[in-house]
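Colleague: Sharing a structure, written as structure tokens. Questions coming.
The values are calculated or read from the model by the stated rules, or taken from the named source; none is laboratory data. Quick caveat: nothing in here was measured; it's all calculated off a predicted structure. Neighbour counts are summed over all protein chains in view; Cβ atoms, including those assigned to glycine, are modelled from backbone coordinates with ideal geometry. For the accessible areas, the whole protein counts, side chains as well, though only heavy atoms, and no ligand, DNA or RNA atoms are used. Shrake-Rupley method; radii C 1.70, N 1.55, O 1.52, S 1.80 Å.
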Amino acid sequence: MVRRIIEIDREKCNGCGACAAACHEGAIGMVNGKAALLRDDYCDGLGDCLPTCPTGAITFVEREAAAYDEAAVLAKRAAALRNSAPVQTPPSGGCPGSMARAMNRDGAPAAPTVTGAPISRLEQWPIQIKLLPVEAPFYDGARLLIAADCTAFSRADFHERFMRGRITMIGCPKLDEGDYAEKLTEILRRNHIREVTIVRMEVPCCGGLQRAAETALRDSGKFIPWQVVTLGRDGNIIQ
């Protein structure tokens, strides 16, 4: 059938991931650092992605395309939740290192360190958003830190300033395929989260992480206090 559907100009795309975060149907993904329409039947033709694109790389076209398949979209979402990393055991055929566990740093003696050296403030494992489970005991009453991968390398005091007392989740919307919004929404919806802090770099591609977190906060149906901290390339806090 001929219908309205999006088209992405890869030459104009800067890889920020904003469109992938805005597409609730999962029609858009990041492929080799650029946005791409993954499946015609996932695109509903409404264009929520268009206003989020900072470079004007997305337009509507009329062409032969499969009809929008809402059932396939819902099945994809359900599969994504089923494939989230489990709390007690690693996924079949997966890496045992992805098994979720709390670090229990509070009340437990710190591991031996060089005198005067800083200690890790990581509260749980894993930390990659794609590997984290949707439900886990360490979320109960947690303060969440949703951070772009690069942020921890920009500040020497990142553990003390941002990670201490928080459950840390990291991701890179430019390099990771897919969108974080659905999973973050389920984490917020299914657990008692006290607050959320989003830490991103000033670069445009980090906007995708912020938008995914903001979408999750909105779609969770809960009122959760949140803040965004933007770091410059030199590690200074911009806002």
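Colleague: Every residue in the range 132-179 that is aliphatic (A, V, I, L, M), part of a loop (DSSP other than H, G, I, E, B) and under 22 Å from Cys19 (Cα atoms), please.
Modeller: Leu175
Colleague: Shifting gears a bit: Give the residues of the range 192-214 that are surrounded by fewer than 20 Cβ atoms within 10 Å (Cβ to Cβ) and not in a helix (DSSP H, G or I), sorted by residue number.
Modeller: His192, Arg194, Glu195, Thr197, Glu202, Val203
Colleague: Would you check if Gly47 is on the phi > 0 side of the Ramachandran plot and surrounded by 12 or more Cβ atoms within 10 Å (Cβ to Cβ)?
Modeller: So Gly47 fits the description; yes.
Colleague: Same structure, new question: Hey, could you check the range 215-239 for residues that are in contact (Cβ under 8 Å) with a residue 12 or more places away in the chain and either basic (Lys, Arg) or within 23 Å of Gly56 (Cβ to Cβ) (or both) and say which is most open to solvent (accessible area, probe 1.4 Å)?
Modeller: Arg233
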